[in-house]
Amino acid sequence: MTLAIVFTILAIILLLLLIKDGFFIVQQQHSVIIERFGKFARFVGPGFHVKIPFIERKAAKVSLRTMKNGFDIDAKTADNVTIGLEVSAQYHVDYDMGSNPTQAGIYRSFYMLQNPVDQMRDFITDALRSAIPTYSLDEVFARKDDIARDVNVIVSEQMAAYGFTIVSTLITRIALPKEVENSMNQINAAQRTRLAAQDLAEADRIKVVTEALAKAEAMEKAGEGIANQRKAIALGIKDSLETIKESGVSPQEANELFMFTQWTDMMTTFAEGQSNTVVLPNDFDSSTSMFKQMLVAQEADRK
């Protein structure tokens, strides 16, 4: 009776082990490689599966999701500056199943390459150290994306043989030696200062030119005003002389009367601007004659 119970317990344990080893579930976006007696048998996708206990085993569970790894790589530019590059690579196992299982990306990714991340790092390092020396430091910054695309093409071809697809290779950061970074900042600051000085000089030039044009235009308008004023004065004088001539006065007397009238107007205007003004003639004989003429004229007005 006791022996029967022992055998029953052992049978139950064995059955549980068989169930545990024979039934398994594969998660979404994964694939499991099954080996029989150490040799590749098949690979299975997501879902519930059964394998022969103790004869078949799950050799590997391969993820089909896109993965990312970052690498720090140093390289030297054409102008002999050593820079540090932070590179990010996105990749996944090749989804192509091929004409037979041994050509599938899942098979090659497991059996052909022991450490794919290290191998990918070596490929990217080699490609970058071959490309960077052909560019100057400024060109590396300006063509960073072009360099990354070229590296991605090269590494994709190399990793495809091992069942991996490189989605993208990105240069996320370029690190410079401290002294080089300080020099570049000083150069940039000097360039900005020069541009600012040029802009200020151009603004001053525009201001001077604008003021000169405005002054020239004002002088032109003033000249036109003076010319028009003189023209009007000349026309007025002409009309006045014609009127005086029509009254029977000789041309010489008309001119003398007009000049005397102009002189008195000028003296009146001058006297209005001065509080104490005394005007003396330079020829008293002439002034006496002029004074007598003014007295005669006043006497004539009274009569």
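The values are calculated or read from the model by the stated rules, or taken from the named source; none is laboratory data. Every value quoted in this text rests on a predicted model; they were computed, and no experiment measured them. Note that we place each Cβ from the backbone using ideal geometry, even for glycine, and neighbour counts take in every protein chain shown. Note: accessible area is taken over every heavy atom of the protein model, side chains too, but ligands, DNA and RNA are not part of it. Shrake-Rupley method; radii C 1.70, N 1.55, O 1.52, S 1.80 Å.
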**OP:** Under 10 Å from the Cβ of T169, count the other residues' Cβ atoms, weight Lys and Arg +1, Asp and Glu -1, and hand me the total.
**Re:** 0
**OP:** Please find the FRET efficiency linking Q191 to V167, where r is the Cβ-Cβ separation and R0 is fixed at 35 Å, and quote it to the nearest 0.05.
**Re:** 0.35
Original post:
Taking the Cα-to-Cβ direction at M259 and at Q28 and moving 7 Å from each Cα, how far apart do the two end points lie in nm?
Top reply: 11.8
**OP:** Tabulate in residue order the Karplus-calculated ³J(HN,Hα) for the stretch 25-34, using 6.51 cos²θ - 1.76 cosθ + 1.60 with θ = phi - 60°, rounded to whole Hz; enter x for Gly and Pro.
**Re:** 10, 9, 6, 4, 6, 9, 9, 10, 8, 9
**OP:** Extending each Cα 7 Å along its Cβ direction at I226 and D79, get the distance between those two points in nm, one decimal.
**Re:** 6.1
Subject >> Sorted largest first, extent of the stretch 14-78 alpha carbons per principal axis (Å) >> reply: 68, 25, 19
Original post:
For A78, which sequence-distant residues (separation of 5 or more, or a different chain) have an amide H within less than 5 Å of its own amide H, given hydrogens modelled in the peptide plane?
Top reply: Y135, S136, L137
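As a test of reading the structure, rank K51, K39 by solvent-accessible area (1.4 Å probe, protein chains only), most first.
On the way: K51 10, K39 145 Å².
Result of the area sort, largest leading: K39, K51.
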**OP:** Mind grabbing the accessible area of I13 for me, 1.4 Å probe, Å², rounded to tens?
**Re:** 80
**OP:** Please list the non-local residues whose amide H lies under 5 Å from the amide H of V62, H modeled 1.01 Å from N, same-chain partners needing a gap of 5 or more.
**Re:** S31, V32, I33
